[in-house]
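Input: a single structure, listed below in structure tokens.
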2 protein chains.
Amino acid sequence: MGNLALEPLDRPEGMTTHEYAHRRLRQAIMVGSIRPGESLTIRGIAEAMESSPTPVREALRRLSSEGALRVLDNRRIMVPRMTADRFSELVSLRSVLEQHAARRAVPHITERRIDRLEEIDRAQDEAIARKDNANALLLNQEFHRALYTANPEQVILPMVESIWLQLGPFLGIAMEHVAQLYFVDRHQEAIAALRKRDEDAVAAAIKADISEGIGGFERAAIENLLRLAGQ
Amino acid sequence: MGNLALEPLDRPEGMTTHEYAHRRLRQAIMVGSIRPGESLTIRGIAEAMESSPTPVREALRRLSSEGALRVLDNRRIMVPRMTADRFSELVSLRSVLEQHAARRAVPHITERRIDRLEEIDRAQDEAIARKDNANALLLNQEFHRALYTANPEQVILPMVESIWLQLGPFLGIAMEHVAQLYFVDRHQEAIAALRKRDEDAVAAAIKADISEGIGGFERAAIENLLRLAGQ
DNA sequence: TAATTATTTTTGTGATCACATTTTCAAAAT
DNA sequence: ATTTTGAAAATGTGATCACAAAAATAATTA
């Protein structure tokens, strides 16, 4: 079952073991360190994190409820396989969900937060420049998260992150087989729209960001990629 | 912490204890048997279900990831309180999400499934007629679920159900304080649109169904209701 | 050699226990 | 009467164990 590819990830004092296990596995899945179809065992993870089955089970249950893992009939747990249909479903849902999240954020946005968005976008560009795919991915998510969390009432974000989690493993093989993930984004357009508090324009920017970014994978390309990765 | 108000709920042979605990708690929350702000204890639930802490913890973790429960800083677990803002956020997201789910279902709909929708709608009307609020609620959900699951690729449904879960406890107090939950629906309109495979009309029907149904709660009414319930 | 059977190992599951923290409740002090 | 202190109870947490089912491996048979 592999070395889990889990960078240890710092653990704040007082954090419970099950929460730590959850965060660590989640991070690994999010950045594509675990491949679609790979199966995880409770004891294996417990051993890898030097803990015991009980907290690991809690972490795995949470991740399965978050769509990141699938529990099979034999009760074994694996990272879901990707298909072209599922990918299309995920991307179209992501578009709808994030447009809505963006709209609901606009009334609460502050100049201060927009400045932070600029910062994050700059950092992402740097990561892209040095071909640091994993960090570019994380910074891209950080940009979107920083926008949506302007809205103090957060019921959407967990769902958005669930989609990211479900896309993660596929992005992992994409990054492995495509030399450089094609990072186009419409962040500057979104920022400009935010400065004007133009809800429609912000939503349009997010829509374009997604459809031209991850939505750029065409059906044939996905199937080809999956075949390449032996899926 | 009360008697949990958990009707035993039949347990298929071979179902694990943690899954059973999850289903039972989930059902209770969904139909509003557990009040907002009520806190749950691992041992209490374990005792009520005649099992032990381990599987109950797994169930509670899942429910917290599904938005049905909130884990506090003191690690205690409770049903989230409702506020007018949160309610508005939930309903607007529900509208967007279910419209999208409906659209994605239309291409896969069959006459057979539409017939089943008619059946469910009839059953719901009967439940309403005999003032059986809980079952009317469940049958309403069943109607929506039966529509969305026409789409074989299901990433949306868990999110839709997460919203239902988060609205459940509030609906519980609503049913308690408003003699009869005002059940307006646009199911017949949705069915007619489905027969014509008219995606826009289906989405419009769902949108109206939600905004005239649960969306009918006005801000003042919600705050009043919460005060009445001692929230 | 291929298929079948038997054995061993792996794995998920649920109960139990000890520990630390938090909460609750009673007693004491201001 | 209110606050403070202290003891007792309740609670979340994580490790361990026994059990049953499943998977993997070895041995046997056709």
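The values are calculated or read from the model by the stated rules, or taken from the named source; none is laboratory data. No experiment lies behind these values; they were computed from the predicted model shown. Note: ideal-geometry Cβ built from the backbone for every residue, glycine included; neighbour counts use all protein chains shown. Ligands, DNA and RNA are stripped out before the accessible areas are found, and what is left, the full protein with its side chains, is counted by its heavy atoms. Shrake-Rupley method; radii C 1.70, N 1.55, O 1.52, S 1.80 Å.
Shielding of A:56-65 by partners, i.e. mean partner chain Cβ atoms within 10 Å per residue?
Going residue by residue through A:56-65 and averaging, the value is 6.
Give the span of segment A:1-128's Cα atoms along each principal axis, as three whole-Å numbers ordered largest to smallest.
In descending order, the Cα extents are 48, 41, 28 Å.
How big is segment A:84-228 by the Kirkwood estimate over distinct Cα pairs, in Å?
Roughly 15.5 Å, rounded to one decimal.
Under 16 Å from a label point 7 Å along Cα→Cβ of residue A:157: give me every residue in segment B:90-122 with its amide N that close.
What the label zone holds, given the 16 Å backbone N cut-off, is B:90.
Roughly how many debye, to the nearest 20, is the charge dipole of chain A about its Cα centre, given +1 on each Lys and Arg Cβ, -1 on each Asp and Glu Cβ, and no other charges?
Charge dipole of chain A: 620 debye, to the nearest 20.
Enter the buried accessible area of the A/B pair, total of both sides, probe 1.4 Å, in Å² rounded to the nearest 100.
That pair of chains buries around 2900 Å² in total.
For segment A:13-85 and segment B:13-39, compute the distance between their C-alpha centroids and round to whole Å.
Centre-to-centre distance over Cα atoms comes out at 23 Å.
By how many nm would the segment from residue A:81 to residue A:198 grow when fully extended, if each residue of separation counts as 0.36 nm and the alpha-carbon distance is taken off?
Contour length minus Cα-Cα distance gives 38.2 nm.
Over segment B:120-200, with the other protein chains present, what is the accessible area per residue in square angstrom, probe 1.4 angstrom?
I get 42 Å² per residue for segment B:120-200.
Along the charge dipole of segment B:17-78, Cβ charges K/R +1 and D/E -1, which of B:71, B:32, B:18 sits furthest on the positive end?
Selected residue: B:71.
Compute the label-point distances linking residue A:81 to its equivalents in the other copies; points lie 7 Å from Cα along Cα→Cβ; give nm, one decimal, shortest first.
Copy-to-copy label distances at residue A:81, shortest first: 4.9 nm.
Among B:56, B:95, B:148, pick out the residue whose Cα is farthest towards the positive end of the charge dipole of segment B:1-156, where Lys and Arg carry +1 and Asp and Glu carry -1 on C-beta, about the Cα centre.
The residue sitting most towards the positive pole is B:56.
Could you compute the FRET efficiency for residue A:130 and residue A:54, with r as their C-beta to C-beta distance and R0 at 41 Å, rounded to 0.05?
It comes to 0.50.
What are the distances, in nm and sorted shortest first, from the label point of residue B:184 to the label points of the same position in each other copy, with each label point placed 7 Å from Cα along the Cα-to-Cβ direction?
Sorted ascending, the copy-to-copy spacings read 4.5 nm.
Beyond 12 Å, what percent of the Cα pairs of segment B:17-78 remain?
Percentage above 12 Å: 65.
Which of the residues in segment B:86-135 show a loss of at least 20 Å² in accessible area from their chain by itself to the complete set of protein chains, at a probe of 1.4 Å?
B:86, B:89, B:92, B:93, B:96, B:97, B:100, B:104
For residue B:177 and residue A:108, what is the calculated FRET efficiency with R₀ set at 35 Å and r taken between the beta-carbons, to the nearest 0.05?
The computed FRET efficiency comes out at 0.65.
For the protein assembly as shown, what does -39500 (n - 2.57) per DSSP helix run (n ≥ 4), summed and divided by total residues, give at 222 nm, in deg cm²/dmol to the nearest 500?
About -20500 deg cm²/dmol.
Please compute the Cα-Cα pair-distance distribution of the protein assembly as shown with 10 Å bins starting at 0, giving whole percents from short to long.
Final binned percentages: 4, 18, 29, 29, 16, 4, 0.
Give me a single rounded figure for A:147-157: the average over its residues of other chain Cβ atoms within 10 Å of their Cβ.
Mean shielding by partner chains, rounded to a whole number: 3.
Kindly give the distances from residue B:37 to its copy-mates, label point to label point, with each label point 7 Å from Cα along Cα→Cβ, as nm values to one decimal ordered shortest first.
The answer, with the shortest distance listed first, is 5.3 nm.
Taking R0 as 30 Å, what FRET efficiency do you get between residue A:27 and residue A:218 from their Cβ-Cβ distance, rounded to the nearest 0.05?
0.55
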